[in-house]
């Protein structure tokens, strides 16, 4: 799951250097800008690692994302609080969008016989969906389909260390990844415990069951991928 940013870029480096062939997939939900920018990062990785890096293109997940978004949009704040707790709209946006990515990635893996999803998630970015409590739930969901989730930079706390790891590999540590237009900065102090717990309850009660329905109902359109990484 390749955003084109430095975390997913470095995660790709780790996996290729461990001997894997990596198939990059970028997602857009219709609320971003500059989706094609990811191709610059892809080209840099291909130049360095050759055919060990493939690219499945920019996949539009707007339809999947709407499956999670629409019911939420008709709920009042009091209804949301009664269902799940004090969840902010910003954290629900991140949860629903990231979940849509995982749904598509899981469907793609099942169709292509791939057993691992890799992301550039880092816990210290502070977002609720990137904390271990939610990551553990995503792992359980993917394990249902014999898919492992690997997070090569999850415990990397320092942006300086990330920069240095890229420099040591000969990369200028700058990227021009696509930008989300509805992503909001975290409030001062980060996500509260109450909001984190609300996100967890929302995942358990609403996101996971809907994700299973989409994946197992084969309602997620994915282009087939050959082992070479070419789309079929």
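Values in this text are rule-based calculations from the coordinates and carry no lab data. Just so it is clear, the structure is predicted and the values come from calculations on it, not from any experiment. Ideal geometry is used to build each Cβ from the backbone, glycine not excepted, and the neighbour counts take in all protein chains shown.
Per-structure values
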item: Highest-MSF residue in the chain out of 182, 207, 117 [GNM, Cα springs under 10 Å]; result: 182
item: Footprinting exposure proxy for 1, 168, 87, 101 (fewest neighbouring C-beta atoms within 10 Å first); result: 168, 1, 101, 87
item: Full-stretch length increase - residue 39, residue 223 - with 0.36 nm per residue and alpha-carbon distance subtracted; result: 64.4 nm
item: Neighbour-count ranking [beta-carbon atoms within 10 angstrom, fewest first] of 40, 104, 56; result: 40, 56, 104
item: Relative contact order of the chain, pairs being alpha-carbon contacts under 8 Å that are 6 or more residues apart, as %; result: 31
item: Residue exposure sequence - 202, 94, 180 - by fewest surrounding Cβ within 10 Å; result: 180, 94, 202
item: Inter-probe distance in nm under a simple model that places probes 7 Å from Cα toward Cβ, at residue 48 and residue 81; result: 4.8
item: Net length gained if the chain between residue 69 and residue 31 were fully extended (0.36 nm per residue, minus Cα distance); result: 12.4 nm
item: Distance (nanometres) between label positions extended 7 Å along Cα→Cβ at residue 163 and residue 216; result: 4.8
item: For the chain, share of DSSP beta bridges that run antiparallel, in % to the nearest 5; result: 25
item: Highest-fluctuation residue, 29, 74, 37 considered, GNM on the chain with Cα pairs under 10 Å; result: 74
item: Fluctuation leader among 187, 152, 173 - the chain, Gaussian network, Cα springs under 10 angstrom; result: 187
item: Model label zone, residue 174; criterion: amide N under 15 Å from point 7 Å along Cα-to-beta-carbon; scope region 1-42; result: 6, 40-41
item: Rounded if a/c under 1.5, otherwise prolate or oblate - region 68-209, Cα gyration tensor axes; result: oblate
item: Relative contact order (percent, whole number), region 29-122, Cα cutoff 8 Å, 6+ residue spacing; result: 26
item: Region 116-174: C-alpha gyration tensor shape, a/c 1.5 cut-off, then a/b vs b/c; result: oblate
item: Region 127-232 shape via C-alpha gyration tensor axes, a/c threshold 1.5; result: oblate
